[in-house]
Amino acid sequence: MSLKEYHKKRDFQKTGEPQEVAAAESGAETVFVVQEHAARRHHFDLRLEHGGVLVSFAVPKEVPLEPGEKRLAVRTENHPLAYAAFEGTIPEGEYGAGEVSIWDRGSCELVEWNDEEKIEVVLRGERLKGRYVLVRFRKAGENDWLLLKAKEG
């Protein structure tokens, strides 16, 4: 999966965001991270490791914690794996300017991955635990997805 859009939007002379993809460790678990992003509009960024990158979604409200809760999730550009450890300030005038902090992180088990319709994962983090589903909206913008915490059982 490409990082072309990620690199195009950033000036790495000005921002401390990771430029390179971190090599996955042999036998390492697949990761996820949720970063709280105090940008122009406060939101959360859900990032799921897939295909050698972090596939990313901006979630305007906090990621759902209870089964049945739903949130809008807007697909954004892929991020390098090294971004899973990024916290800091993106300078004013740069894309995504504002404070980024890690809200949760952990391992991610893939259940289903269909870029056009549905992504289903099991998250094992400190805050997020259990099955989460992303379903693509058909009539909305092409990057709009619905994120929900699935009921267990």
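No lab work stands behind these numbers, since they all come straight from the coordinates. Remember, predicted model here, so these are calculated numbers, not experimental data. Positions of Cβ are generated from backbone atoms using ideal geometry, with glycine treated the same way; all protein chains shown enter the neighbour counts.
With K and R counted +1 and D and E -1, the other residues having a Cβ less than 10 Å from that of Glu99 yield a net charge of -2. For the pair segment 24-87 / segment 106-143, the C-alpha centres are spaced 10 Å from each other.
In cubic angstrom, how much convex hull volume per residue do the alpha carbon atoms of the chain span? Intermediate values should be presented prior to the final figure.
Numbers: hull volume 17.6 nm³, N = 153.
Enclosed volume per residue, from the Cα hull, is 115 Å³.
Starting from the Cα gyration tensor of segment 86-130, take the square roots of the eigenvalues, sort them a ≥ b ≥ c, and report rounded, prolate or oblate (rounded when a/c is under 1.5, otherwise prolate if a/b is larger than b/c, else oblate). Oblate, because a/c is 1.5 or more while a/b does not exceed b/c.
Among the trypsin sites (Lys or Arg not before Pro) found in segment 37-85, those both in a DSSP coil and sparsely packed, with 10 or fewer other Cβ atoms within 10 Å of their Cβ, are Arg40, Arg41.
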